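Peer 1: Sharing a structure, written as structure tokens. Questions coming.
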Amino acid sequence: MKQCFFAVDLGATSGRTILGSFTSNGLEMKEVNRFPNHLIEVNGHFYWDIYELYRNIIEGLKLASRKENVEIVSIGIDTWGVDFVCVGKDGHLLRQPYSYRDPHTEGAPEAFFSRIPRKHVYELTGIQVMNFNSLFQLDAMRRAGDSALAAAEKILFTPDALSYLLTGEMVTEYTIATTAQLVNASTRKLESELLQAVGLTESHFGRFVYPGEKVGELSAEVQRMTGLGAIPVIAVAGHDTASAVAAVPAQSSHFAYLSSGTWSLMGIEADAPIITPETEALNYTNEGGVEGTIRFLKNICGMWLLERCRLQWGETSYPELIAEANACEAFRSLIYPDDASFANPSDMEQAIKDYCKSTGQPVPETRGQIVRCIFESLSLRYRQVLDDLRALFSRPIDTLHVIGGGSRNDLLNQWTANAVGIPVVAGPSEATAIGNIMLQAISAGKAQDVPSMRKLVAASIPLKTFQPQDDAVWSEAYAQFKRIVR
Ligand code: LRH
């Protein structure tokens, strides 16, 4: 029997389940099922369908249980950050969870800071202020008299809610909890002052666990539905970005990473939180990582820009769009990817055109021009963030590891290398699932630690290196980018 780890990896636009195992050739991964994840708009609000995600996980488990010669050692779940489900005193979920793209948090940080100063919140948590952090979602719900929150006995973050549905056990996993802005960066526990400020106490959360701890075992009901036994569910790094960073195939500590998916998460791995007036002013975050590390990083609006355009364009294939972009004039118009107008516009293509018009640039007309504008602007924004990271962190940075689905885009990888001026090492594209499997393997005693697993990833997954080119052209483009950034 082949011993396999079952990874559930859920992103904001799609989810997948994967079986991972270790062979003499290194790590072997096989996708079991893949499914879309949708934002569901109802009466001006945006929700996730947590039951549909659960159903797809059950489907994946059923498929895996029917595979010959496969023994599932354990299950781990990672998802996007910040969102949560309210659970009532009878154990039922209280309506579908809000999506972090919901507009109910507009202005929420400012409202919260009128009671507890921004500086104090940042000093406690080290987390970048973003409207959608769970802290502000909870506060907005509290102010609105939200009925689910009012009736909530427990709050479970998305990966913890799904492991609850599989096992009946409620936990609060550390890495995902840090994205909430509810964890104290020094104690690495929930911060009661912030909980109190949103009308909650620690008893509203499940048992606090760190990556690698066991949540529970598949419930009798899930065992019956899937044909599996009492398989343990492990709290991996429940935050997808934490799982992805665990799988960076770095060979030295002199690297930055760019986890490229719906978001581009760009940062470095630190041993301790970096909380200074400078990091606060630039709004850098200190999210919890595996084995006591801190993910010091910046959220950059990533492939969301293109994903939204593609919805309007009828899901044209990526190779086609990349080829169209490559054929267009360079640096014709640029956008600032993190402009608020791109957060959740009803028409992304129009939002990009409006931005170019209002900044006095040529308006992109063709699909290729739009895609080129997105890729060039992202590359230049990466340069800007790398410059900040260098200023904020003393360790040299000589390689940028691009991981996640976006690392399959050779054109963007090359432009990123050109913009940042250091080699880009691309891959693995399934870093998140690999990090998930790594943590399960460590928990099962089948692997030693993250550094040794990183070596194994580097040895078993093909990686591509992109050397920087055209330095003068890209330096000029960066000056152009800084002029239009508003
Ligand atoms: C990426 C991600 C990111 C969070 C965002 C909500 O999937 O987890 O790290 O900030 O989603």
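The values are calculated or read from the model by the stated rules, or taken from the named source; none is laboratory data. Not measured: the values here are computed from a predicted model. Here the Cβ is made from the backbone with ideal geometry for all residues, glycine too, and neighbour counts use every protein chain on show.
Matching residues to (1) closer than 20 Å to Ile155 by Cβ; (2) crowded, with 20+ Cβ neighbours inside 10 Å; (3) more than 16 Å from the ligand (Cβ to nearest atom):
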| site | (1), (2), (3) |
| --- | --- |
| Leu190 | yes, yes, yes |
| Val222 | no, yes, yes |
| Pro232 | no, no, yes |
| Asp240 | yes, yes, no |
| Phe255 | no, yes, yes |
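Peer 1: Here's a follow-up. Please state which one of Thr158, Thr178, Thr262, Thr172 is within 30 Å of Ala144 (Cβ to Cβ), within 16 Å of the ligand (Cβ to nearest atom) and touching a Lys or Arg at 6+ places or on another chain (Cβ under 9 Å).
Peer 2: Answer to the selection: Thr178.
Peer 1: Against the condition over 21 Å from Thr432 (Cβ atoms) and more than 16 Å from the ligand (Cβ to nearest atom), how does Ala250 come out, does it pass?
Peer 2: Here the answer is no, as Ala250 does not meet what is asked.
Peer 1: Looking only at residues that are at negative phi and within 16 Å of the ligand (Cβ to nearest atom) in the stretch 272-288, which one is surrounded by the most Cβ atoms within 10 Å (Cβ to Cβ)?
Peer 2: It comes out as Glu287.
Peer 1: Right, something else. Among the strands (runs of 3 or more DSSP E) lying completely within the stretch 1-90, list those that include at least 1 residues that are assigned by TED's automatic domain parsing to the domain that holds Gly206, β-branched (Val, Ile, Thr) and within 16 Å of the ligand (Cβ to nearest atom).
Peer 2: 2-10, 70-79, 84-87
Peer 1: Is the stretch 200-218 home to any residue that is within 16 Å of the ligand (Cβ to nearest atom) and either at pLDDT 95 or above or in a loop (DSSP other than H, G, I, E, B) (or both)?
Peer 2: Yes; the residues of the stretch 200-218 include at least one that is within 16 Å of the ligand (Cβ to nearest atom) and either at pLDDT 95 or above or in a loop (DSSP other than H, G, I, E, B) (or both).
Peer 1: Within the stretch 139-193, work out how many residues are touching a His at 6+ places or on another chain (Cβ under 8 Å) and assigned to a helix (DSSP H, G or I).
Peer 2: Matching residues across the stretch 139-193 total 8.
Peer 1: Let me ask another. Could you identify the single residue in Val121, Val129 that is assigned to a loop (DSSP other than H, G, I, E, B) and either more than 25 Å from Leu53 (Cβ to Cβ) or not assigned by TED's automatic domain parsing to the domain that holds Leu297 (or both)?
Peer 2: Val129
Peer 1: Oh, and also: Just one of Val42, Val73, Val8, Val87 is among the aliphatic types (A, V, I, L, M), on the phi < 0 side of the Ramachandran plot and without any contact (Cβ under 8 Å) to a residue 24 or more places away in the chain; which is it?
Peer 2: Just one listed residue meets the conditions, Val42.
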